[in-house]
Amino acid sequence: MKAKRIVCLLIFSFLFLFSGSFVVFGDDLQDGYDAYHREDYKTAYKLIAPLAKQGDADAQYILGWMYENGQGVPQDDNEALKWYRLAAEQGDVRGQVNLGVMYDNGQGVPQDYKEALKWYRFAAEQGNAIAQVNLGLMYQFGQGVPQDYKEALKWYRLAAEQEVAEAQVNLGLMYAKGQGVPQDYKEALKWYRLAAEQGDARAQYNLGWMHANGQEVPQDDKEALKWWRLAAEQGNAIAQVNLGFMYDEGRGVQQDYKEALKWYRLAAEQGVADAQSNLGFMYANGQGVPQDYKEAVKWYRFAAEQGNAIAQVNFGFMYDEGRGVSQDYKEALKWFRLAAEQGNAIAQSNLGVMYEKGQGVPQDDKEALKWYRFAAEQGDATAQVNLGYMYDEGQGVPQDDKEAVKWFRLAAEQGDATAQVNLGVMYAKGRGVPQDVKEAVKWWQLAAEQGNADARKNIKRLNGSN
């Protein structure tokens, strides 16, 4: 993963600290700065360019920045690189940082992590916090240097102690993951909080997560909501998803589907698959918005194509039922399979049904049995019932009452009414278990309390025979 580097911004408050020619160039450089500040870039260029050509490092850095950003001159990475290099070679830390970034990103020069590392190190060793963060990133991800968490931690700490939020959150992450240091959630919390209080969205998200999960702090949905909201309002997409979920479930706040929809949409529009999936679900079920299967299909498709297993199941279901799209068993099968191969139990169960019924695929009891078993072993009650049926009827497997009872029981204990009825029948008939009418009635009664008509009929029939 390419880590984002921090660029040394054009900060004029310390321009003259690095100039060896203050007496000669100070007034012109200040005039150039004033013009730049007024956004009169052409005048700024006219004043600064001659100074840069005469070797003033501050002017060289500013000129590099203007070329990089196309201010008063055509945007030109090659020219920017040239002027940053001239400033950097005179020891200007801003030039060194930005020259490192140019090599890091391959701007105006072939990408070269080792060269980027070299320039970051020069600036970092002068105490420049931005360079220290970037050098930490290089060590953390092994770019231009062997991966070394301890060295990354060292540089992050130096920058964090200078109150750089980016370094503080990265240091917190390393403590949370135990990278380069023993895992320590209290220390992670400390650094997240420091960065979060500076407004760092990643730190705010992580701090919210720690409160939501009660990690080194009392579990507190309201506190989680507070930090996620701060991050979400800055555009942090994962915080937006989580904030939407809090409104969706009424955690730490009164349930509000419209508010949930708002935050899911913001994250979905940034391409977050979980948000797209949840947004699709809200359209499919008319939560916070009028029910709209076509809109649901649209969002499920976006998420499914990113590999989101839940969206793939729901997208498959839309094809299976013909909701928002023409019914198409083959397309349903395709999406169920993609999710099933990721281990999604609902998809595995649905795929089993399609093989058993021959929908979108030739009927195949053995393949149905295979997928039912995968789902059943993950605790999916519907698959457990269907697997029980397969053993009960000897479909795709030798008939086996004991195995049927085993799977009916597992589903029945989860409250599945159909399984409770079937388990009752097995006790009533003494199939796979010793005959036990009281046990049969017990399971039928549980199913009847859920409104299962077959259970009521069985109880009535049994009472009539008595």
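Quick notes
- Any hit, the range 186-209, residues being closer than 30 Å to residue 66 by Cβ and crowded, with 22+ Cβ neighbours inside 10 Å: yes
- The single condition among (1) in contact with a Ser or Thr (Cβ under 8 Å, 6 or more places away or on another chain); (2) free of Cβ contacts under 8 Å to residues at least 12 places away in the same chain that residue 399 does not meet is (1).
- Filtered by the rule that a residue be assigned to a loop (DSSP other than H, G, I, E, B) and either surrounded by fewer than 17 Cβ atoms within 10 Å (Cβ to Cβ) or at pLDDT below 95 (or both), the range 218-252 gives 218, 219, 220, 233, 234, 235, 250, 251.
- Close Cβ contacts (under 8 Å, 6 or more residues apart or on different chains) running from residues in the range 165-183 that are among the charged types (D, E, K, R) to residues that are outside any helix (DSSP H, G or I) and surrounded by fewer than 24 Cβ atoms within 10 Å (Cβ to Cβ) comprise 166/6; 177/183.
- Residue in the range 151-164 that is surrounded by the most Cβ atoms within 10 Å (Cβ to Cβ), counting only those that are over 20 Å from residue 116 (Cα atoms) and touching a residue at least 12 places away in the same chain (Cβ under 8 Å): 160
- Meets criteria (touching an Asp or Glu at 6+ places or on another chain (Cβ under 8 Å) and surrounded by fewer than 22 Cβ atoms within 10 Å (Cβ to Cβ)) for residue 329: yes
- Sole residue being buried (at least 24 other Cβ atoms within 10 Å of the Cβ) and either at pLDDT below 95 or touching a Lys or Arg at 6+ places or on another chain (Cβ under 9 Å) (or both), chosen from 134, 98, 105, 128: 134
- Those helices (runs of 4 or more DSSP H) lying entirely in the range 354-466 with at least 2 residues among the polar types (S, T, N, Q): 381-393, 417-429, 453-465
- Being farther than 30 Å from residue 430 by Cβ and surrounded by 21 or more Cβ atoms within 10 Å (Cβ to Cβ) is true of residue 371.
- Unmet requirement for residue 109, which otherwise passes all of (1) in a loop (DSSP other than H, G, I, E, B); (2) without any contact (Cβ under 8 Å) to a residue 24 or more places away in the chain; (3) more than 32 Å from the chain's Cα centre (by Cα): (2)
- All positions within the range 280-304 that are surrounded by 22 or more Cβ atoms within 10 Å (Cβ to Cβ) and either touching a Leu at 6+ places or on another chain (Cβ under 7 Å) or free of Cβ contacts under 8 Å to residues at least 12 places away in the same chain (or both): 282, 299
- Listed by first and then second residue, the pairs linking a residue in the range 378-389 that is under 15 Å from residue 417 (Cβ atoms) and surrounded by 24 or more Cβ atoms within 10 Å (Cβ to Cβ) to a residue that is charged (D, E, K, R) and modelled with pLDDT of 95 or more, with Cβ atoms under 7 Å apart and 6 or more places separating them unless they lie on different chains, are 385/416.
- Some residue of the range 186-194 being within 30 Å of residue 81 (Cα to Cα), among the hydrophobic types (A, V, I, L, M, F, W, C), modelled with pLDDT of 95 or more and touching a helix residue (DSSP H, G or I) at 6+ places or on another chain (Cβ under 8 Å): no
The values are calculated or read from the model by the stated rules, or taken from the named source; none is laboratory data. It should be emphasised that the depicted structure is a prediction, and the values quoted were computed from it without experimental measurement. Neighbour counts are summed over all protein chains in view; Cβ atoms, including those assigned to glycine, are modelled from backbone coordinates with ideal geometry.
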